[in-house]
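Chemist: Below are the structure tokens for one structure; questions will follow.
Every number in this text was worked out from the coordinates using simple rules, so none of it is lab data. This is a predicted model, so every value here is computed, not measured. Methodologically, a virtual Cβ is constructed for each residue, glycine included, from the backbone with ideal geometry; neighbour enumeration extends over all protein chains shown.
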Amino acid sequence: MQSRQKERYRYRQIIIMGRKLPRKAPVSLVLQKYYLMQTYGDLIETCVMKNNLLTCIIKLKPSEESDFYRVKVQYKLSGYSPDAWLLSPELKKMNGEYPHHIYERNQKGYPRLCVYYPGYKEWNQQMIIATSFIPWVCTWLNAYEYWLITGEWQYDERLLESK
């Protein structure tokens, strides 16, 4: 009987120990800046860290036929995810309306882009902005250009909503 109790106790210890796995540390702002500078080099106008906030202004061209877009990316480790603000050119309207895949505008009137759906938890702090978030911004810009031509928003979020 005592050996069964010991075995049960040992089993409980394993379960409890499994719940106490350490969380992975987020990628530091210093590394995020390093990867941005290494990946995008001359396309970056400014990239600074101040008060635990990484702010990067980058010129993106989502396709060969596209114009350059100036985008401000901000990321704070204490926040949930990076944010992308379209600085220029100004968003155009289609049939009198702006694309519905933007959040609020900041004090200067720049729209914050909705580059992914937070409910799907696609972003985590172990991800590299240069290889995940910036490509998502380019995909958003591509979808925006397509929307201006066709009036349809072709983006993964829409495909997932229709299921």
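Chemist: Around residue 112, under 9 Å between beta carbons, what's the net of Lys plus Arg minus Asp minus Glu among the other residues?
Modeler: -1
Chemist: With viscosity set to 1.306 mPa s and temperature to 10 °C, compute the Stokes-Einstein D of segment 42-163, Rh being the Kirkwood radius across alpha carbon pairs; µm²/s, no decimals.
Modeler: Here the translational diffusion coefficient equals 105 µm²/s.
Chemist: Set the bar at 31 Å for Cα to Cα. Now go through 33/93; 50/93; 59/121; 61/93 and name every pair that lies beyond it.
Modeler: Flagged as over cut-off: 33/93; 50/93.
Chemist: In addition: For segment 75-142, which GluC sites (Glu not before Pro) are both in a DSSP coil and crowded by at most 13 other Cβ atoms within 10 Å?
Modeler: Values: sites: 90, 97, 104, 122; in loops: 90, 122.
Answer in residue order: 90.
Chemist: Counting pairs of alpha carbon atoms under 8 Å apart in space and at least six apart in sequence, what relative contact order in percent does segment 28-161 give?
Modeler: Relative contact order comes out at 19 percent.
Chemist: Expressed as a rounded percentage, what relative contact order does segment 44-108 have, with Cα pairs under 8 Å and six or more residues apart?
Modeler: Numbers: 88 pairs, mean separation 13.2, N = 65.
Contact order relative to length: 20 percent.
Chemist: With θ set to phi - 60° and the Karplus curve 6.51 cos²θ - 1.76 cosθ + 1.60, what are the ³J(HN,Hα) couplings of segment 142-149 in order, to the nearest whole Hz, using x for Gly and Pro?
Modeler: 4, 5, 4, 5, 5, 4, 5, 7
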